[in-house]
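Q: Take a look at the following structure, please.
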Ligand code: C5P
């Protein structure tokens, strides 16, 4: 079973390209950002003020722990239809709102929260998804900010997908017309960089800068990298 780990900053096109790579090889697709977004959505839904001057990190951690251990959270890792659920409600679109995008780093910056999610992500990677939901045994593409470095440093393929900031901001602005919340990508990267390292590749990680590549060209490069590992 092959694990493909892909990290990168906001607006680089990680989700769409990672999903396409997973589809191409028949692998499962794990969007770890969607897991952090689901946690932020859950906290907001529970009425936690994530803008509070002094955020009660212990309470946020307990709320996230409950979300996972009491079975409220679920995720589908089929690249043809990746979904995230909270108490059976499909929140896949809701987690892309501006409100969630601008608050998610408040939750993901809490180290004990990260430990809960990292453990869950490692279990999903080992089983190709929750309770082997996508169990063809071929492999999994997992994408996020700390997959190549922390979650799956032993992955067969490790890629840092990056692009110039203005290119990423322009892409996000373009997506904002199709339901993805508008946001400042640099601001989120700054917050996220406090706890994860995705701006430069760590040792053994291949950097792919797609600033001047089309979606298809990026995909070709990524497929080539996976093929050499297969
Ligand atoms: O990838 P996406 O932009 O959807 O990620 C949403 C947020 O989740 C990031 O801005 C970051 O705060 C958090 N995240 C993280 N570690 C990951 C993936 C995402 O902290 N592996």
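Q: Conditions: (1) under 17 Å from the mean Cα position of the chain (by Cα); (2) outside any loop (DSSP other than H, G, I, E, B); (3) over 23 Å from residue 210 (Cβ atoms); (4) within 15 Å of the ligand (Cβ to nearest atom). Residue 74 meets all but one. Number of the miss?
A: In the conditions (1) under 17 Å from the mean Cα position of the chain (by Cα); (2) outside any loop (DSSP other than H, G, I, E, B); (3) over 23 Å from residue 210 (Cβ atoms); (4) within 15 Å of the ligand (Cβ to nearest atom), residue 74 misses (4) alone.
Q: Further, regarding this structure: Check every one of the strands (runs of 3 or more DSSP E) wholly within the range 114-209 and list those with 3 or more residues that are at pLDDT 90 or above, surrounded by 20 or more Cβ atoms within 10 Å (Cβ to Cβ) and within 11 Å of the ligand (Cβ to nearest atom).
A: Numbers: elements: 139-144, 157-162, 206-209.
Ranges flagged: 139-144.
Q: Starting from residues that are part of a helix (DSSP H, G or I), more than 9 Å from the ligand (Cβ to nearest atom) and in contact with a helix residue (DSSP H, G or I) (Cβ under 6 Å, 6 or more places away or on another chain), keep the ones in the range 95-112 and report whichever is modelled with the highest pLDDT.
A: So, considering only residues that are part of a helix (DSSP H, G or I), more than 9 Å from the ligand (Cβ to nearest atom) and in contact with a helix residue (DSSP H, G or I) (Cβ under 6 Å, 6 or more places away or on another chain), the one modelled with the highest pLDDT is 112.
Q: Same structure again: Determine which single condition residue 80 fails, assuming it passes every other condition in (1) modelled with pLDDT under 95; (2) outside any helix (DSSP H, G or I).
A: Unmet condition: (1).
The values are calculated or read from the model by the stated rules, or taken from the named source; none is laboratory data. Remember, predicted model here, so these are calculated numbers, not experimental data. Virtual Cβ from ideal backbone geometry, glycine too; neighbours counted across all protein chains shown.
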